[in-house]
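Read the figures in this text as sums done on the coordinates, not as results from a lab. For clarity, every value in this text was computed on a predicted model and none was experimentally measured. Don't worry about glycine lacking a Cβ; one is built from the backbone with ideal geometry, like all the others, and counts go over all protein chains shown.
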Amino acid sequence: MDLRNMFSKERVNFSLKASSKNDVIDELIEMLFSDGKVSDREVFKKAVLKREEEFSTGIGMGIAIPHGKSSVVKEASITFGKSSSGIDYESVDEKPAYLFFLIAVPENSNDIHLRALSEISRKLMHPEVREQLNHAQNFEDFIKAFE
């Protein structure tokens with residue numbers, strides 16, 4: 001699986017405006033909707049929030065990886081957003097999150113979201129990758145962090 005194929009310059013935002021967990025989810029979903037990957041914002045948001053109810057996807061180290069599986073997702077995709085001020089995402093380490101990856105997959109897809117989640121998590125375990133993402137200013141910088 002090549003994560004880079006699930007990213008797009010249309011679905012990255014290096015200056016999120018959100019100041020809450022709910023707002024950041026909305027902002028990330030809006031990128032998917034605008035890029036035609038999700039046909040209904042609210043239906044997909046319900047899927048993401050249902051997953052969040054089970055356990056926060058704020059994994060610590062300043063990272064959150066919300067995800068959802070829904071029939072309104074047209075194609076498996078990932079959005080990325082960065083917050084310079086940090087957002088309380090109810091992370092496991094109780095610290096703000098700065099880097100957000102929203103994984104969206106169609107209802108009938110098998111385990112693609114789990115593989116994407118696993119690959120992103122593995123990459124982000126490396127401090128140098130997190131550092132590159134924190135300093136990324138454009139899509140090329142962002143993609144280089146995953147090489």
- Query: Of 24, 44, 64, which is farthest on the positive side of the dipole of the chain, counting Cα position, with +1 on Lys and Arg Cβ, -1 on Asp and Glu Cβ, and the Cα centre as origin?
  - Reply: 44
- Item | Stokes-Einstein translational diffusion, segment 3-144 - Kirkwood Rh over all Cα pairs, 0.890 mPa s, 25 °C, in µm²/s | 166
- What is the dipole size for the chain, taken about its Cα centre, with +1 at each Lys and Arg Cβ and -1 at each Asp and Glu Cβ, in debye to the nearest 20? 180
- Hey, what did the chain get for relative contact order, percent, Cα under 8 Å, at least 6 apart? 25
- Note on the structure: Between the modelled labels at residue 122 and residue 135 (7 Å from Cα along Cα→Cβ) the distance in nm is 2.5
- Query: lysines near residue 9 by alpha-carbon distance under 25 Å, same-chain residues fewer than 8 away left out - which ones?
  - Reply: 17, 21, 37, 45, 69, 74, 82, 123, 144
- Can you give the % of DSSP beta bridges in segment 3-144 that are antiparallel, to the nearest 5? 55
- Query: With r defined as the distance between the Cβ atoms of residue 35 and residue 93 and R0 fixed at 22 Å, what FRET efficiency is calculated, to the nearest 0.05?
  - Reply: 0.10
- Message: So, R0 is 30 Å and r is the distance between the beta-carbons of residue 54 and residue 144; what FRET efficiency does that work out to, to 0.05?
- Response: 0.35
- Message: On a full-extension model of 0.36 nm per residue, what is the gain between residue 19 and residue 5, subtracting their alpha-carbon distance, rounded to one decimal in nm?
- Response: 2.1 nm
- Query: Ordered by residue, what ³J(HN,Hα) values in Hz, to whole numbers, does segment 127-135 give under the Karplus form 6.51 cos²θ - 1.76 cosθ + 1.60, where θ = phi - 60° and Gly and Pro are x?
  - Reply: x, 5, 5, 4, 5, 4, 5, 5, 9
